Amino acid sequence: MNLDNLAKIDLNLLVTLQILLEEESATRAASRLHLSPSALSKSLNRLRDTLGDPLFVRTAHGLKPTAHAVQLKEQLPGILQGLYQVTLPPTFIPQTSHRQFSFAMLESAYETLLPSYIGPLLKQAPKITLDTYGWSEKSMPALLQGQIDFGITARDLHPASDLRLNNLPEGITQTTLFTDQQICLVRAGHPILDAVKAGDWNIEAYLHMSHVQARCEGNDWWALDYHLAESGQHRRISSTLPDFYGAASVCAHSDLIFTLPSRFAPHAKKLYPLIELPLPITFSPFAYVLLWHKRNDQEPGHKWIRETICASIAQAMK
């Protein structure tokens, strides 16, 4: 490492470069950085001189990064995260900390898990701030780049699923919070209930029905669909919703059947007159997991948050 060359670099320029790479727009980047357009232009020129590359080319659709800038886009979040860690205190005292922690959480986990740990966290650390966002296909990249601290989502235990537990990006660490299985919901008075009473609830009846599905990480198929496809079977999904509550509402007002995690079913049944049925298929369970980047393994604040969440959920699930 040549420390003399490193000393010549204004580290603020790296922050400017990261924002420019995220926005690919001088106007939006200047707004986020609270800079005038001329000040941002000067910073960009300094970056070009320092790095020996034009970095961006102006197009009708904004700033297009050069090949070198694209390479830096992969490296820079980790570098900035490391610099950020240097600024953090070496210890974490929950009672006095004003730290801010961010989460991306699967919608079904709001009702299932959040009530278990939010109280213990804020009781022990009343001055911290907890920001929670919905889990989406953008959450894993955000976790990798240090834009969020933790993820709470569901991962399949079925080996064929794209969302299987061991199919995580390099650098992402997980711990299982609990496992769950899928069940079915139908509206009260649904015609299928007569067949269920007669003992005719089976895979054929299930696949003959029309289904409502909640999209997960942008995917219309769940592990169950991959499992069925292995034997040439498919569910007829008539409606796909972005969230569980929306799917439960459609289920309650139609003859569509909703397959979902068993832990979420009681919350849906509080809102709508829904009847719970077993999934008439032998199928592997899935896991709710807590995700974080391994660079935060030993960071005191992150470690305390993880331990408190795991202990609180374990206690609630007894």
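Give the number of residues within region 203-243 that are out of contact with any strand residue (DSSP E or B) (no Cβ under 9 Å at 6 or more places or on another chain), open to solvent by 40 Å² or more (accessible area, probe 1.4 Å) and closer than 17 Å to ASP255 by Cα.
Number satisfying all stated conditions: 1.
Return the only residue of HIS227, HIS234 being assigned to a loop (DSSP other than H, G, I, E, B) and of a type outside the set (Gly, Ala, Ser).
Just one listed residue meets the conditions, HIS234.
Under the condition of being in a loop (DSSP other than H, G, I, E, B) and either of a type in the set (A, V, I, L, M, F, W, C) or modelled with pLDDT of 90 or more (or both), which residue from region 147-169 is most open to solvent (accessible area, probe 1.4 Å)?
Only one residue fits best here, namely GLN147.
Hey, among LEU277, LEU290, which residue is among the hydrophobic types (A, V, I, L, M, F, W, C), assigned to a strand (DSSP E or B) and within 18 Å of the chain's Cα centre (by Cα)?
After ruling out the rest, the residue left standing is LEU290.
Working carefully through the options LYS64, LYS73, find the one that is in contact with a strand residue (DSSP E or B) (Cβ under 6 Å, 6 or more places away or on another chain), in contact (Cβ under 8 Å) with a residue 24 or more places away in the chain and open to solvent by 80 Å² or more (accessible area, probe 1.4 Å).
Being in contact with a strand residue (DSSP E or B) (Cβ under 6 Å, 6 or more places away or on another chain), in contact (Cβ under 8 Å) with a residue 24 or more places away in the chain and open to solvent by 80 Å² or more (accessible area, probe 1.4 Å) holds for just one of LYS64, LYS73, which is LYS64.
So ALA109 passes all but one of these: (1) open to solvent by 40 Å² or more (accessible area, probe 1.4 Å); (2) part of a helix (DSSP H, G or I). Which condition number does it fail?
(1)
Of all residues in region 76-93, which are in a helix (DSSP H, G or I), in contact (Cβ under 8 Å) with a residue 24 or more places away in the chain and open to solvent by 50 Å² or more (accessible area, probe 1.4 Å)?
Scanning region 76-93 gives ILE79, LEU83, TYR84.
The values are calculated or read from the model by the stated rules, or taken from the named source; none is laboratory data. Everything quoted here is computed from the prediction, not taken from an experiment. Don't worry about glycine lacking a Cβ; one is built from the backbone with ideal geometry, like all the others, and counts go over all protein chains shown. Please note that ligands, DNA and RNA were not included when accessible areas were found on the heavy atoms of the full protein model with its side chains. Shrake-Rupley method; radii C 1.70, N 1.55, O 1.52, S 1.80 Å.
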